[in-house]
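Presented below is the structure to which this report refers.
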Amino acid sequence: MSNSRSQILAGIAASLGRPTGDAQRAAARERIAAHARNLIPARAQVDHAGQVRLFEQMALEVSATVARVPDLDAVPDAVAEYLAGHNLPAELRAAPDPTLDTIPWDRRPTLTVSTGRARDADAVSLTGAFAGIAETGTLMLVSGAERPTTLNFLPDTHIVVLKAEQIVGGYEDAWDRLRAQASAFEGGMPRTVNMVTGPSRTGDIEQTIQLGAHGPRRLHIVLVGG
């Protein structure tokens, strides 16, 4: 850092009554280690059943669609019905995620399911999620060999299987959950964490909302249990 820039930043810190130099760096390390929680909206501070209802409500408000099913055995039927209802091919590119291994795809033999990273020709992807955040109807998606990030963004339609038990109230709760399970990831944390709230959209052109601008134009959540 240049000397002049260092002086400017030190002056700002001093005017705010904050430490500078070594004390500033020590304070920064302490704050990072403490993981101090930020504000959580009152609407997310409800019991778990209320958080599940709120997640579904907020997801619908941002143009995602939600199908409720009782268990993983019902996922193939829900997926097949969704694809047929949108005139989409009965082909899925799924994440090689062990948490999805018990889904009995053979119950719908017309579905073709392959696993791996997304390819250019894949129209529909299916993944799990690390958490659902009731505060805004957001999905927390983490990367890894079993959870290729390309599946979240490349296909035009993204289907996410989310268990009700994975839904938390606010963003801070989701980060706490991720830190608590950090040892399960190589290096202590996933390389990438994506927060997905509804399908991809933009209003840059004439302030008109266009779906599918930088990712999937459809986001369908199969909510299991709850």
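Placing pseudo-labels 7 Å out from each Cα toward the beta carbon at His86 and Ser15 gives an inter-label distance of 5.1 nm. Per residue, the accessible area of the chain comes to 56 Å² when a 1.4 Å probe rolls over the protein heavy atoms.
In plain terms, the bigger the Kirkwood radius, the slower the diffusion; for the stretch 1-150, with that radius from Cα pairs, at 25 °C and 0.890 mPa s, Stokes-Einstein puts D at 124 µm²/s. Relative to the longest principal axis of the Cα atoms of the chain, helix 75-85 runs at roughly 80 degrees. In this simple spin-label model, placing a label point 7 Å from the Cα along the Cα-to-Cβ direction at both Arg217 and Asp176 gives a separation of 4.1 nm. Which of Pro109, Leu154, Asn3 sits closest to the plus end of the dipole of the chain, meaning its Cα is farthest towards the positive end, when Lys and Arg get +1 and Asp and Glu get -1 on the C-beta? With unit charges placed on the Cβ atoms, the residue in question is Asn3. Rounded to the nearest 20, the Cβ-based charge dipole of the stretch 108-169 about its Cα centre (Lys and Arg +1, Asp and Glu -1) stands at 160 debye. Around the Cα centre of the stretch 24-143, unit charges on the Cβ atoms of Lys, Arg, Asp and Glu (plus for the first two, minus for the last two) sum to a dipole of about 660 debye. Overall, the chain carries a charge dipole of about 780 debye about its Cα centre when +1 sits on the Cβ of Lys and Arg and -1 on the Cβ of Asp and Glu, all other atoms neutral.
Could you work out how far the C-alpha centroid of the stretch 69-111 sits from that of the stretch 126-161, in angstrom? Centre-to-centre distance over Cα atoms comes out at 15 Å.
The calculated FRET efficiency for Thr110 paired with Phe153, based on their beta-carbon distance and R0 = 22 Å, is about 0.25. Simple spin-label estimate for Glu30 and Ser4 gives 3.4 nm between the two label positions (7 Å along the Cα-to-Cβ direction from each Cα).
The values are calculated or read from the model by the stated rules, or taken from the named source; none is laboratory data. Small disclaimer: the values here were computed from a predicted structure and weren't measured. A quick note on method: Cβ atoms are made from the backbone with ideal geometry, for glycine too, and the neighbour counts reach across all protein chains shown. Accessible surface is based on the protein model in full, side chains and every heavy atom, while ligands, DNA and RNA are left aside. Shrake-Rupley method; radii C 1.70, N 1.55, O 1.52, S 1.80 Å.
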